[in-house]
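The values are calculated or read from the model by the stated rules, or taken from the named source; none is laboratory data. These numbers come from a predicted model, not from an experiment. For neighbour counting, all protein chains shown are included, and Cβ atoms are generated from backbone atoms with ideal geometry for every residue, glycine included. Accessible surface is based on the protein model in full, side chains and every heavy atom, while ligands, DNA and RNA are left aside. Shrake-Rupley method; radii C 1.70, N 1.55, O 1.52, S 1.80 Å.
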Amino acid sequence: MNKIFTVMKKELKRFFTDKRLLASLVLPGIMIFVIYSFMGSFFSDMFGEDPDKKFIIQTINAPSSFSDDLKATGLNAEVKAVEDKDASKEEVKNKSADILVFFEEEFERKLSEGEQPSVEIWYNTVNTQSQTAYNAVYGMIYSRSVEVKTVFVLNGGEGSYDLATKEETSAMIITMMLPFILMIFLFSGAMAVATESIAGEKERGTIATLLVTPIKRSSLALGKILALSVTAIVSSLVSFVGLIASLPKLMGGMGDIDMGMYGVGTYLGVLGVIVVTVVMFTVVLSIISALAKSVKEASQLALPVMFVVMLVGVSSMIGSGGANPRFWAYLIPVYNSTQCLAGLFSLSFDPLFFLITVITNILFIALGVYILAKIFNSEKIIYNK
Amino acid sequence: MEEILRVENLKKTFKLSRKQQALEKTKNKYKVAVNGLSFSAYKGEIFGLLGPNGAGKTTTLRIISTLIRADEGDAVVDGESVRKNPDGVRKKIGFLTGELKLEDFFTPDYLYDYFSALHDVPKEESERRKAKLFSRFGIEKFAHVKVGDLSTGMKQKVSLVISIVHDPDFIIFDEPTNGLDVITAKTVTDFLLELKNEGKTIVISTHIFSLVEKICDRVGIIINGKMTAEGNLKEITREKPLEEVFFDIYSREVGSDE
Ligand SMILES: Nc1ncnc2c1ncn2[C@@H]1O[C@H](COP(=O)(O)OP(=O)(O)OP(=O)(O)O)[C@@H](O)[C@H]1O
Ligand SMILES: [Mg+2]
């Protein structure tokens, strides 16, 4: 037990007193912050909103009472009747208007005669103003339809009334992708630390020096894993802080992202997922490092693993589309971590799945440490030229 | 004479990778590195394992120092078997070779303390021994310089010191003077003689005849993984110089093999 800490202390000293290594640990975090902040200001130029701006609502065939009804809802809107539906839709799309409310011809008459006239509200999700106006107008018309006890068709046509363009929607998906991005950063953090570790010692011939001492192989493996994990965790926390700090700027153009809206519990949950995931990555990469003949080979072997991590990460974001995945899916590492993070960020946290995720990862870690101790016990660890 | 090391019928075969096959210019998938090797070393002597390149010296010493496992046979160090109790053996031996490296990033002082701790040497005793050994080898001045910044000779001295932090009674040294300048080499061989005078048992491997003649009490000539001659240096060299004895054996062995 004592020896484990002796080894751990030495490895940590190595990481935290070597300026170059230390820099390589914190640099990714700083880079995330810089890059994302930069991307953020770029986005906010694209979709920036002015809080004092009036909502611009265009109408076609609107009943005479529409303007007043809208005022009654308290929406600061400028209502303008227009003629050309397609031109107006174009304006909503390029955000010079917020929404278009299109009433069927002779709406009032048809309504009073018991027909079911239709209303269409065209909007643009990428434009927050449009989203707000849409909600207000939709609510108003809907309650009116209840009031007059007459069913009329509200946005009843086929297809979407959302006029957001593809590129803009993809910008929004970034929000969804955050857990995945975080996953990649966690993996690269662990990779920077763990890949070199054992393969490097093998290459430089320093591991044999250790192996002729009476220290237990398992203690050596554990001491190394602990030190590597602590280091990788520090590195990923720096990345995480960088990500969180730059997030409001990154998302600023697309709506209110206030990281303060998450409570301590959410952050603790995120921290928990990060820690188990990083340690799991570290153990896997240490095994690769122990099996490789050189640092170069270790990095080559780590690449396909990174690919798998990315693949699983992506599929967890795209595959479920936010719906609750099946139970067994939470037994897949990376997939469960990504899902858990997504759940935490979207405030739809499931304690059971969180627990399963943490336990699954811990089991993988235990298995990995066992395998690593086995490798340390075999000749492979010293010479396999 | 008390037998400190007994090597019995050691066998070790390596599976060759394709790269190794190309390197060794062979089509064989396997290489028998050590082939039924036996010998003994007795208390207070320096035993020299003499053999040409590829004879199996390093492999033998790695097996004795528990770094690798023999396929067959056993080595017993002061009553502990490498097969049954490798941990026990590790406590009793100091192993040194040019290929055992120290991490460049750390200082000799730090590494000494680290290895001392791994060997469970009590702190006070460790400090006393460190002072003595550092002064003996002129390491004091460099005690706080990173290993990476030391000269090759100084590195080798630090390695030597660190391999004996636990004051072992049995020391294995693979090619003790390889790659050292004459001055550092002399420091090392002088020290080996000093250790011998303290009553330690030492096994070295080398292909340098003069080194064997200078410091060894007994010698074993190893060729193709087999012990072809073992005995007192004086007895072996009674009629001919060591070099001639060696070539006689070598031509007989290699001739009979082909
Ligand atoms: N890990 C290994 N894998 C494959 N072959 C090996 C391995 N280690 C040693 N060998 C082979 O076994 C044989 C004996 O090697 P060994 O290093 O023991 O010889 P040696 O007597 O120490 O030679 P040298 O004087 O060159 O150091 C050589 O042919 C060597 O190539
Ligand atoms: Mg050798």
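Scanning residues 5 or more positions from A:Glu78 or on other chains, those with amide H under 5 Å from its amide H are A:Phe55, A:Ile56, A:Ile57, with H placed 1.01 Å from N in the peptide plane. For segment B:3-257, the Cβ-based charge dipole about the Cα centre amounts to some 800 debye (Lys, Arg positive; Asp, Glu negative; other atoms uncharged). Once the Cα-Cα distance is subtracted from the 0.36 nm per residue extended length, the B:Asp71 to B:Glu2 segment shows a gain of 22.1 nm. Normalised by the number of residues in segment B:3-257, the average gap of Cα pairs under 8 Å and 6 or more apart makes the relative contact order 27 percent.
So if R0 is 22 Å, what FRET efficiency would B:Lys141 and B:Asp190 give, r being the distance between their Cβ atoms, rounded to the nearest 0.05?
Taking R0 as 22 Å, the efficiency between B:Lys141 and B:Asp190 is 0.65.
Counting only other chains, and only Cβ atoms inside 10 Å, what mean value do you get across the residues of A:210-223? That works out to 5 on average. Under 19 Å of direct C-alpha separation, and excluding same-chain neighbours fewer than eight residues apart, A:Lys54 reaches these lysines: A:Lys71, A:Lys80, A:Lys89, A:Lys93, A:Lys95.
In a solvent-free Debye calculation with one equal scatterer on each Cα, what is log10 I(q)/I(0) for segment B:3-257 at q = 0.07, 0.11 Å⁻¹, listed in the order of the q values? Ignoring solvent entirely, the Cα scatterers give -0.25, -0.63. Across segment A:110-127, rounded Karplus estimates of 3J(HN,Hα) from the backbone phi angles (6.51 cos²θ - 1.76 cosθ + 1.60, θ = phi - 60°) give 4, 5, 5, 8, x, 7, 10, x, 10, 10, 10, 10, 9, 9, 8, 5, 6, 8 Hz, Gly and Pro being marked x. Coupling constants for segment A:194-201 follow from the phi torsions by the Karplus curve (6.51 cos²θ - 1.76 cosθ + 1.60, θ = phi - 60°), and in residue order they are 8, 4, 6, 3, 7, 4, x, 5 Hz; glycine and proline get x. With the simple spin-label model, which puts each label point 7 Å out from Cα in the Cβ direction, the B:Ala131 to B:Val182 separation comes to 3.6 nm. Its alpha carbons considered, segment B:33-101 gives a radius of gyration followed by a Dmax of 12.0, 31 Å. Residues of segment A:182-209 whose accessible area, computed with a 1.4 Å probe over protein heavy atoms, drops by at least 30 Å² once all protein chains are present relative to their chain alone are A:Arg204, A:Thr206, A:Thr209.
In this calculation the C-beta distance from B:Glu239 to A:Lys293 is compared with R0 = 41 Å, giving a FRET efficiency of 0.30.
Positive contributions from Lys and Arg (+1) and negative ones from Asp and Glu (-1), summed over other residues with Cβ under 13 Å from the Cβ of A:Lys71, come out at -2.
Amide H contacts of B:Met227: B:Ser38, each under 5 Å away and 5 or more positions distant or on a separate chain (H built 1.01 Å from N in the peptide plane; Pro and chain starts excluded). Sorting A:77-83, A:122-128 by their mean Cβ neighbour count within 10 Å, with the most densely packed peptide first, gives A:122-128, A:77-83. Counting only C-alpha contacts under 8 Å and six or more residues apart, can you give the relative contact order of segment B:107-186 as a whole percent? With pairs under 8 Å counted, the relative contact order is 39 percent. Here the average projected area of the convex hull drawn through the C-alpha atoms of the protein assembly as shown stands at 38.7 nm². For A:Ile30 and B:Ser210, a Förster radius of 60 Å and the Cβ-Cβ distance give a FRET efficiency of 0.50, rounded to the nearest 0.05.
When the listed pairs A:Lys9/B:Lys19; B:Lys29/B:Lys234; A:Lys9/B:Lys92; B:Lys84/B:Lys155; B:Lys91/B:Lys196 are checked against a 30 Å cut-off, the alpha-carbon distance exceeds it for A:Lys9/B:Lys19; B:Lys29/B:Lys234; B:Lys84/B:Lys155. Assuming charge only on the beta carbon of Lys and Arg (+1) and of Asp and Glu (-1), the dipole of the protein assembly as shown about its Cα centre is about 3100 debye to the nearest 20. Remark on A:Val119: its backbone amide H falls under 5 Å from those of A:Val153, A:Leu154, A:Asn155, A:Gly156, a criterion applied only to residues 5 or more positions apart or on other chains, H modelled at 1.01 Å from N. The GNM of chain B, with springs linking C-alpha atoms under 10 angstrom apart, assigns the highest mean-square fluctuation among B:Arg129, B:Arg238, B:Arg69 to B:Arg238. Chains B and A together bury roughly 2700 Å² of accessible surface, counting both sides and using a 1.4 Å probe on protein heavy atoms.
Counts of other chain beta carbons within 10 angstrom of each beta carbon in peptide B:111-119 average 5. Rolling a 1.4 Å probe across the protein heavy atoms gives segment B:3-257 an accessible surface of 46 Å² per residue.
Take peptide B:86-97, look around each residue's Cβ out to 10 angstrom, count Cβ atoms belonging to other protein chains, and average those counts.
Details: counts 4, 5, 1, 2, 5, 2, 1, 2, 1, 5, 2, 4.
Across B:86-97, the average partner-chain Cβ count within 10 Å equals 3.
When the solvent-accessible area of the protein assembly as shown is split by element, carbon and sulfur atoms take up 58 percent of it, the probe being 1.4 Å. Applied to segment B:49-62, the Karplus parametrisation 6.51 cos²θ - 1.76 cosθ + 1.60 on θ = phi - 60° returns per-residue 3J(HN,Hα) values of 9, 9, x, x, 4, x, 6, x, 5, 4, 4, 4, 5, 5 Hz, with x for Gly and Pro. The distance between label points at A:Tyr142 and B:Tyr30 comes to 7.9 nm (points 7 Å beyond Cα on the Cα→Cβ vector).
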